[in-house]
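The structure appears right after this line, and notes come after that.
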Amino acid sequence: MLSTAALRAHLLAARLAGPVATSREESLRRYRLFVARDPRVLLGLEPEYDWSFMELLGLMGEKCGVSVDPTNVSGPDVIDPELTIAALDAFADRLRGAARDRLPVLLGTGHPHRLLGFYAALASALSAAGCRVLTPAEGRCIDITTRFGVRTHRLTYVRGVAMVRAPGARPTASEPGAHSHSPLPVRVALGCAAESGGPLPGLVIGDHGWVCGAGQLGFEAIGPGDTDDPALFVGEAEGRVSVAVPLDDGVRSGYYRPITRYVLNRACLSQ
């Protein structure tokens, strides 16, 4: 099993924690958008509390380890690796509980080019433990607002992990699906599961709109979030996200493999 010390060293070396690629400017910009309740940043969450900028900055300092000094406005943002490790432990505990209870699970990502391997390994391990990996609404078309306007995407599953693709897009190993923050895919998937009378997930695992959208609908949801994704950490603070793991969600896909091994080992799900 990867030791905590080795995991910490990897987090820092791969820039999954410590100084990360996400800029301080981008994080602060998105905090202001969140305070203004911009749907692009809410990721499907409807905050119960009227967060001020300073309150949100303080929360992100507590949850991620970013600087709480509002005059610190440039350079790379920072994630405290100790907070990442503590959250990964909590994440693994929820996986172990889901496997013990053989809960149906739904996995989805808005970062398929980076995080597909991570989620696919979880799906495989949970399936081997007796959990049903759900694939509702496969092939369903969803209109998603992008920076280029509204574009139709198709919901698809790769190795048990949901993602969206633009019609006509040819998936490759490096680009299996589209990058997306939208909560619409998880809403469509959960709606289809409910309408069909099929099982509903006892746990949703994902990022961006997958975790926030599911948590807002009352499903237990866990997943990673970057320093510019305040919705996940607000969701956790307000009780709609069970575990939000602070880490850079945009590094090379191979850098998540030690995290995958650590989580599966701690959850007693190593294959």
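Here, each number is a calculation from the coordinates, and none is a lab measurement. Nothing here was measured: the structure is a model prediction, and the numbers come from that model. Methodologically, a virtual Cβ is constructed for each residue, glycine included, from the backbone with ideal geometry; neighbour enumeration extends over all protein chains shown.
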Select from the stretch 26-132 those chymotrypsin sites (Phe, Trp or Tyr not before Pro) which occupy a DSSP coil region and have at most 11 other Cβ atoms within 10 Å, ordered by residue number. TYR49
Dividing the convex hull volume of the Cα atoms of the chain by its residue count, what figure in Å³ per residue is obtained? 116
Per DSSP helix of 4 or more residues, -39500 (n - 2.57); summed, then divided by the residues of the chain. What does that give at 222 nm, rounded to the nearest 500? -13500 deg cm²/dmol
5 Å-binned pair-distance histogram of the stretch 190-260 (Cα, whole percent): 3, 18, 25, 19, 16, 11, 6, 2
Remind me, relative contact order of the chain in percent, using alpha carbon pairs under 8 angstrom and six or more residues apart? 27
Amide proton proximity set for SER23, modelled H, under 5 Å, gap of 5+: ASP77
Based on DSSP loop calls and a cut-off of at most 16 other Cβ atoms within 10 Å, the longest stretch of the chain free of exposed GluC sites (Glu not before Pro) is what? 139-271
With +1 on each Lys and Arg Cβ and -1 on each Asp and Glu Cβ, and nothing else charged, work out how big the dipole of the stretch 136-271 is about its Cα centre, in Debye to the nearest 20. 540
Given trypsin sites (Lys or Arg not before Pro), DSSP loops and at most 15 other Cβ atoms within 10 Å, the longest exposed-site-free stretch of the chain is 160-251
Assigned charges on the beta-carbon of Lys, Arg, Asp, Glu; the chain dipole about Cα centre (debye): 1120
What is the distance in Å between the Cα centroid of the stretch 78-152 and that of the stretch 1-35? 19
If you take the charge dipole of the stretch 97-204 about its Cα centre, with +1 on Lys and Arg Cβ and -1 on Asp and Glu Cβ, which of THR156, GLY97, CYS131 is farthest toward its positive end? THR156
